[in-house]
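Enquirer: Take a look at this one; I'll ask things after.
The values are calculated or read from the model by the stated rules, or taken from the named source; none is laboratory data. Please read these numbers as outputs of a predicted model, since none were measured by experiment. When we count neighbours, we look across all protein chains shown, and the Cβ atoms used for this are built from the backbone with ideal geometry, even at glycine. For the accessible areas, the whole protein counts, side chains as well, though only heavy atoms, and no ligand, DNA or RNA atoms are used. Shrake-Rupley method; radii C 1.70, N 1.55, O 1.52, S 1.80 Å.
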Amino acid sequence: MRFLVTGGAGFIGSAFVRAVLRDFPTAEVVIFDALTYAGNLSTIADVLDSGRVKFVPGRIQDVASVEGTFRSFPPTHVVNFAAESHNDRSLLDAGSFIQTDVAGVYVLLEACRKFGVERFLQVSTDEVFGSILEGEFTESSPIEPNTPYAASKAGGELQVRAHVKAFKTPALVTHGGNSYGPFHFPEKLIPFFIVRLIDGKKVPLYGEGDQIREWIHVDDHAEGILHALMHGTPGESYNVGDVNERRNRDVVSILLEETGRDESFVKKIPDPRKGAHDARYSMNCDKLRALGWSPKREFIASLRETVRWYRENEAWWRPLIATADYQSFIKRFYGPSLGDDL
Ligand code: TYD
């Protein structure tokens, strides 16, 4: 098997590569990644050291780079993790989201059609379904995204659907829940709050922190994607979540405890997402469980372990939060509400 993992230098993509190397000792792997702010060679230093993985720099929306890679390394399996993925950034500027999450998926699908592959898997998100106050999303829930990010992911997976119907492309889609764990870029709730609390800074909780997210450990998520790739049926989609719904404020309480900070470190700010802030995500994952996958990591213990990982791996995240891009995003997005606490 020859795996082409686009976005493999990012958070979930790198966990997926580690799962492939562990489960398939003879598989060949190419990581194709644009190394935007959220993808880093330091995230994949260990897998590159293994000598079994080749790294190719490139953007998935760049036809020449994608086709060149397919030509020099004809893959049997292509898994696309490459994406702009932060809702708050998409509220400031969604142009790059459309380029990567919609146009990029189209370029990959066209390459799969031209060169032929055994499987293409598009990694998507439960956020394409919008918000659900009661019950759970299933794979056939209506696609009703509420943010520019979620809409761009919906656009990508609808391209996959069209290629399955029109060209019989052997493609699948997974919808992941909110992931947490090591190597998570410090802008999403959990890693952002961890690094600020370690540094003794206040953390900006949107509103009262009433929203509910279904959290899954990144390794469980990566293993679920690999299971869907190997055992799923082309043309189908699979939800990959844990039955682990938590209110934001309850997640934050655990982070405070583990970093030794108290409630005075939480600054409630007016909700910057306004009407686009989904109240609750919850997925039914019976379809993938019926194929033999189930998540294994317990949330509270794994979240505490994640905090410890950030404590022990400052060399990984300190350079990331020191960049001009990071500083300018934080200032632009949180400056007005955090003021002196920025
Ligand atoms: P996030 O980690 O950005 O993931 P998503 O938007 O994909 O769910 O946010 C998780 C929740 O945490 C969401 O309800 C928004 C909230 N949140 C805050 O309260 N403060 C923050 O600074 C961030 C980034 C998120």
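Enquirer: Averaged per residue, what accessible surface does the chain expose to a 1.4 Å probe, in Å²?
Expert: On the way: 13790 Å² over 342 residues.
Counting only protein heavy atoms, the per-residue value for the chain is 40 Å².
Enquirer: Moving on to the next point. Would any residue of the stretch 108-135 have its amide N under 14 Å from a label point 7 Å out along Cα→Cβ of His231? List them or say none.
Expert: Answer for the stretch 108-135: none.
Enquirer: Follow-up. Tell me, what is the FRET efficiency for Arg161 and Asp341 to the nearest 0.05, using R0 = 41 angstrom and their Cβ-Cβ distance as r?
Expert: The computed FRET efficiency comes out at 0.35.
Enquirer: Moving on. To the nearest 20 debye, what charge dipole does the stretch 164-271 have about its Cα centre, counting +1 at the Cβ of each Lys and Arg and -1 at the Cβ of each Asp and Glu?
Expert: 420 debye
Enquirer: Can you give the direction-averaged projected area of the convex hull of the alpha-carbon atoms in the chain, in nm²?
Expert: One quarter of the hull surface, i.e. the mean projection, equals 15.8 nm².
Enquirer: Once the piece of chain linking Glu257 and Leu41 is laid out straight, how much longer is it, given 0.36 nm per residue of separation minus the C-alpha distance between them? The partial results should precede the final answer.
Expert: Working: separation 216, 0.36 × 216 = 77.76 nm, distance 3.16 nm.
Value of the extension gain: 74.6 nm.
Enquirer: If ligands, DNA and RNA are left out, what is the accessible area of His231 with a 1.4 Å probe, given in Å² to the nearest 10?
Expert: About 100 Å², ignoring ligands and nucleic acids.
Enquirer: Another question, if that's okay. Just to confirm a number: summing +1 for Lys and Arg and -1 for Asp and Glu over residues other than Glu28 whose beta-carbon lies under 12 angstrom from that of Glu28, what do you get?
Expert: Net of charged neighbours comes to +3.
Enquirer: Same structure again: In whole Å, how far is the Cα centre of the stretch 189-225 from that of the stretch 306-342?
Expert: 14 Å
Enquirer: Quantify how much of the Cα-Cα distance distribution of the stretch 16-155 extends past 23 Å, in percent.
Expert: Here the long-distance tail beyond 23 Å is 42 percent of all Cα pairs in the stretch 16-155.
Enquirer: Run the simple label-point estimate for Arg318 and Glu298 please: 7 Å along Cα→C-beta, distance reported in nm.
Expert: Label-label distance for Arg318 and Glu298, simple model: 3.4 nm.
Enquirer: Let me ask something else about it. Placing unit charges on C-beta atoms (Lys and Arg positive, Asp and Glu negative, everything else neutral), compute the dipole magnitude of the chain about its Cα centre in debye, rounded to 20.
Expert: Using Cβ point charges on Lys, Arg, Asp and Glu, the chain gives about 620 debye.
Enquirer: Okay, moving on. So what's the stretch 207-269 giving for Cα Rg divided by 2.2 N^0.38 Å, two decimals?
Expert: Rg over 2.2 N^0.38 Å, computed on Cα atoms: 1.56.
Enquirer: Something else about it: Which net charge results for the neighbourhood of Asn239, defined as the other residues with beta-carbon distances under 9 angstrom from its beta-carbon, given Lys and Arg at +1 and Asp and Glu at -1? Before the final figure, lay out each step's value.
Expert: Working: positive: Lys287; negative: Asp126, Glu136, Glu139, Asp286.
Overall, the nearby charge balance is -3.
Enquirer: Between Rg and the Kirkwood Rh of the stretch 1-53, both from Cα atoms, what is the Rg to Rh ratio? Intermediate results must be reported in sequence, preceding the final value.
Expert: Values: Rg = 10.0 Å, Rh = 10.8 Å.
Ratio value, two decimals: 0.93.
Enquirer: How high is the relative contact order of the chain, in percent, with contacts defined as C-alpha pairs under 8 Å that are six or more residues apart?
Expert: 18 percent
Enquirer: To continue, here is another question. With Cβ to Cβ distances under 13 Å as the rule, what net charge do the other residues near Gly13 carry (K, R +1; D, E -1)?
Expert: Computed value for this residue: -1.
Enquirer: To continue, here is another question. Could you rank Met230, Met283, Met1 by how accessible they are, 1.4 Å probe, largest area first?
Expert: The residues order as Met1, Met230, Met283, largest area first.
Enquirer: Here's a follow-up. Less than 14 Å from a label point 7 Å out along the Cα-to-Cβ axis of Ser328: which backbone N atoms in the stretch 79-104 qualify, by residue?
Expert: 93
Enquirer: Given a 1.4 Å probe and the protein chains all in place, what does the accessible area of Thr259 round to, in Å² to the nearest 10?
Expert: Thr259 exposes around 10 Å² with every protein chain in place.
Enquirer: Could you work out how far helix 148-167 tilts from the main Cα principal axis of the chain, as a 0 to 90 degree angle to the nearest 10?
Expert: That works out to roughly 10 degrees.
Enquirer: I'd like the per residue volume of the convex hull spanned by the Cα atoms of the stretch 133-289, given in cubic angstrom.
Expert: For the stretch 133-289, the hull spanned by Cα atoms encloses 121 Å³ per residue.
Enquirer: Which residue, chosen from Gly181, Gly51, Pro74, occupies the Cα position most advanced towards the positive end of the dipole of the chain, where the dipole is computed from +1 (Lys, Arg) and -1 (Asp, Glu) charges on Cβ about the Cα centre?
Expert: So the residue furthest toward the plus end is Pro74.
Enquirer: Now for a separate question. If I ignore ligands, DNA and RNA and count only protein heavy atoms, how much of Cys112 is accessible to a 1.4 Å probe, in Å² to the nearest 10?
Expert: That residue has around 10 Å² of solvent-accessible surface.
Enquirer: Mind checking the full-extension length gain between Arg311 and Asn284? Use 0.36 nm per residue of separation minus the Cα-Cα distance, one decimal, nm.
Expert: Stretched fully, the Arg311-Asn284 segment lengthens by 6.3 nm.
Enquirer: Please work out how much length the chain gains when fully extended from Ser140 to Ile198, using 0.36 nm per residue of separation minus the C-alpha to C-alpha distance, in nm with one decimal.
Expert: Once the chain is fully extended between Ser140 and Ile198, it gains 16.7 nm.
Enquirer: In whole angstrom, note down how far apart the Cα centers of the stretch 129-188 and the stretch 72-120 are.
Expert: Taking the Cα centre of each part, the stretch 129-188 and the stretch 72-120 sit 13 Å apart.
Enquirer: Here is a follow-up. Largest first, what is the accessible-area ranking of Asp220, Asp325 with a 1.4 Å probe? Can you show the working numbers first?
Expert: Values: Asp220 0, Asp325 70 Å².
Putting Asp220, Asp325 in descending order of accessible area: Asp325, Asp220.
Enquirer: Right, here's the next one. Taking the Cα centre of the stretch 199-342 as the origin and placing charges on Cβ (Lys, Arg +1; Asp, Glu -1), which of Trp316, Val243, Ile216 is farthest toward the positive end of the dipole?
Expert: Trp316
Enquirer: What's the longest uninterrupted piece of the chain once you rule out the GluC sites (Glu not before Pro) that are loop residues per DSSP with at most 16 other Cβ within 10 Å?
Expert: In short, 1-117.
Enquirer: What part of the accessible area of the chain, given as a whole %, is carbon or sulfur when the probe is 1.4 angstrom?
Expert: Details: 6990 of 13790 Å².
On the chain, the fraction of accessible area on carbon and sulfur atoms equals 51 percent.
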